[in-house]
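In what follows, a structure is listed as structure tokens, so that the remarks can point back to it.
The values are calculated or read from the model by the stated rules, or taken from the named source; none is laboratory data. These numbers were taken from a predicted model, which means no experiment stands behind them. Neighbour counts run over all protein chains shown; Cβ positions are idealised from the backbone, glycine included.
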Amino acid sequence: MLKAVIFDLDDTLLWDEKSVSEAFKATCDFATDYYNIDPYQLEKNVRRHAERIYMNYETYEFTKKIGTGPFEAFWAEYDDDGEGFAELREIVPEYRKLSWQEGLKELDIEDVQLAEQLAHKFPEERKKHIYLYDETIEVLEKLKNNYKLLLLTNGSPNLQQLKLFLSPELEPYFDHIVISGDFGKGKPSIEIFNYALSLLEVEKYETVMIGDNPFTDILGAIKAGIDSIWINHHRKELEEITPTYEVNRLREILPIIKSLSKS
């Protein structure tokens, strides 16, 4: 019988993809005050360069280990303990400026001062744009009194806690919150899933994992022997990873959880 539900945070309960897009839109629109450019093309350029530059830093292996990405580094402070976070704090000012600089350069604009302004503008905008999915609170409300709930999220503890601070309605629903940067490894490592089970004091067959990322949430659950529900927002095809269940939106997990509770 189902006793606990583990939730991912980004793009499962929080609409992170929209937050990033809106922050980019506002920042790139700001650049049009200075130059007659296409803000959508600037965003496209910057995203591409940011991913390339991010992968070339020595910190890349550490960020892969805890499961944090290039657009988290566009606004994260990394005010966390540990050598890896200290190194990230060192490189992010340069990383952000270079990403914007290279994006502008593709539009034939050589303006270091504007690149620095945009690098500071994005974090400001990102903090303004925090979105929950319309169904998030409804779903958590229906589950809270019947199951133990645990939030399992990859990333910098400082940043993930900031996201929760900016969406204060979320945290009270959870019995436990586990952040990969605190634990030392991120999803899909079996260790972090086993740690979550130990906190919940349940067996793996008494738990289900809900998440949008097949390569972290679902693969990790499979490794740990936990049933999974993949929220396939964009109706993608999967070949190598097979979730136990698949839905297209958050609300659709409720009848599945109900059926698991009877088994």
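If I ask for residues that are in contact (Cβ under 8 Å) with a residue 40 or more places away in the chain and over 24 Å from Glu203 (Cα atoms), which ones from segment 217-249 would you list?
Result: His233, Arg249.
Which fully enclosed strands (runs of 3 or more DSSP E) of segment 152-253 have 3 or more residues being over 14 Å from the mean Cα position of the chain (by Cα)?
207-211, 227-231, 245-247
List pairs: first residue in segment 5-21 and under 22 Å from Phe193 (Cα atoms), second residue of a type in the set (Gly, Ala, Ser) anywhere in the structure, Cβ distance under 7 angstrom, at least six positions apart or on different chains.
Final answer for the pair search is Ile6/Ala196; Asp8/Gly211; Thr12/Gly211; Leu14/Ser167.
What about Ile109, is it part of a helix (DSSP H, G or I) and more than 19 Å from the chain's Cα centre (by Cα)?
The answer is no for Ile109.
Determine if segment 188-202 includes at least one residue that is touching an Asp or Glu at 6+ places or on another chain (Cβ under 6 Å), assigned by TED's automatic domain parsing to the domain that holds Ser228 and in contact (Cβ under 8 Å) with a residue 12 or more places away in the chain.
no
Taking Ala23 as the residue in question, decide whether it is in the same structural domain as Glu106 (by TED's automatic domain parsing) and closer than 23 Å to Ile109 by Cα.
yes
Of the residues that sit in segment 38-67 and are surrounded by fewer than 18 Cβ atoms within 10 Å (Cβ to Cβ) and among the hydrophobic types (A, V, I, L, M, F, W, C), which one is farthest from the chain's Cα centre (by Cα)?
Filtering first and then ranking leaves Met55.
Check segment 69-81 and report whether any residue there is of a type in the set (D, E, K, R), surrounded by fewer than 16 Cβ atoms within 10 Å (Cβ to Cβ) and part of a helix (DSSP H, G or I).
Checking segment 69-81: not a single residue is of a type in the set (D, E, K, R), surrounded by fewer than 16 Cβ atoms within 10 Å (Cβ to Cβ) and part of a helix (DSSP H, G or I).
Could you list, in sequence order, all residues of segment 82-98 that are over 26 Å from Cys28 (Cα atoms) and outside any loop (DSSP other than H, G, I, E, B)?
Across segment 82-98, the qualifying residues are Glu83, Gly84, Phe85, Ala86, Glu87.
Can you find, within segment 24-37, the residue that is farthest from the chain's Cα centre (by Cα) among those that are part of a loop (DSSP other than H, G, I, E, B) and not aromatic (Phe, Trp, Tyr)?
Asn36
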